[in-house]
Structures are given as structure tokens and as C-alpha cells.
1. Please list, in order, the residues from segment 55-73 whose amide nitrogen is less than 16 Å from a point placed 7 Å along the Cα→Cβ vector of residue 7.
2. Taking only Cα atoms and a 10 Å spring cutoff, compute GNM fluctuations for the chain and point out the largest among 69, 45, 37.
3. Only counting other Cβ atoms within 10 Å, I'd like 117, 81 sorted with the fewest neighbours first.
4. Which of 62, 43, 72 moves the most in a Gaussian network model of the chain with Cα springs under 10 Å?
5. At 222 nm, what helix-only mean residue ellipticity would the chain give, in deg cm²/dmol to the nearest 500, using -39500 (n - 2.57) for each DSSP H run of four or more?
6. Give me the percent of Cα-Cα pairs in the chain that sit more than 23 Å apart, rounded to a whole number.
7. Take the chain, connect every pair of alpha-carbon atoms lying under 10 Å apart with a spring to form a Gaussian network, then pick out the residue of 50, 32, 21 with the largest mean-square fluctuation.
8. Set the Förster distance to 22 Å, then compute FRET efficiency between residue 55 and residue 35 from the Cβ-Cβ distance, nearest 0.05.
């Protein structure tokens with residue numbers, strides 16, 4: 001059986017992945033539909049998939065808070081979401097990933113490591 005703290009960190013990582021996937025699906029919803037009305041966007045499969053990812057994120061985030069302090073969890077997951085979303089936007093959408101982005105992501109990851117050891 002896994003130690004509850006490790007289990008909570010895994011849930012937190014999956015939570016961050018859910019948010020990143022939701023963000024990418026929202027981007028895809030806007031790319032797939034050229035300047036559509038709001039009702040068309042919110043009923044598209046991409047948008048509905050994003051909502052499902054955000055719900056998944058909230059459930060796992062809530063579960064991780066049962067074993068980890070909120071003062072650690074929020075900065076860590078926020079940093080993960082920012083860094084991973086920037087990298088995945090580059091991979092999937094060809095968005096710019098400059099040296100500044102890479103440096104900032106490295107600083108965020110270093111902060112995550114420091115926060116997780118506090």
C-alpha cells in the first residue's frame with residue numbers, strides 16, 4: 001500500500017494534468033471553430049472535454065488536500081500548471097517557447113522542488 005503522502009502527490013500531479021488538458025482543449029475548441037457564437041463553443045466536444053478535465057482536476061485536487069498542506073499544494077500545482085501548459089502549447093499548437101519561457105519554467109520547477117521539500 002502506498003504511503004498517503006505519496007498518494008496525495010500523485011493525485012496532485014494528475015490534478016495538474018487535468019488542468020493542462022482542459023486548457024489545451026479550450027484552445028482547440030477556439031481553433032476548430034472559426035469565430036463561432038458562444039452557444040456553438042459551449043456545445044462543442046472540445047469545450048465539453050475541457051469541462052470534464054476541470055471537474056477531474058477539482059476532484060483530485062480536493063483529494064490531495066486531505067493529506068497535504070494547502071500552503072504547499074497551491075504554489076506547487078500552480079507552478080506545474082504554468083510550466084507544463086507552456087510546453088504542451090508549444091508541442092501541440094506550435095506556440096512560441098522562447099529562452100525566457102524555458103528559463104522561467106526552470107525557475108518554476110526549481111520552486112516546486114523546494115516547496116515540496118519544505
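Values quoted throughout were computed directly from the atomic coordinates according to the rules given, and no laboratory measurement underlies them. Quick caveat, the model's predicted, so the values are computed rather than measured. Cβ coordinates were reconstructed from backbone atoms using ideal geometry, including for glycine residues, and neighbour counts include every protein chain displayed.
1. Taking a point 7 Å out along Cα→Cβ of residue 7, the residues of segment 55-73 whose backbone N falls under 16 Å are 60-69.
2. 37
3. The most exposed by this proxy come first: 117, 81.
4. 43
5. -28000 deg cm²/dmol
6. Result: 39 percent of Cα pairs exceed 23 Å.
7. Fluctuation is largest for 32.
8. The value I calculate is 0.20.
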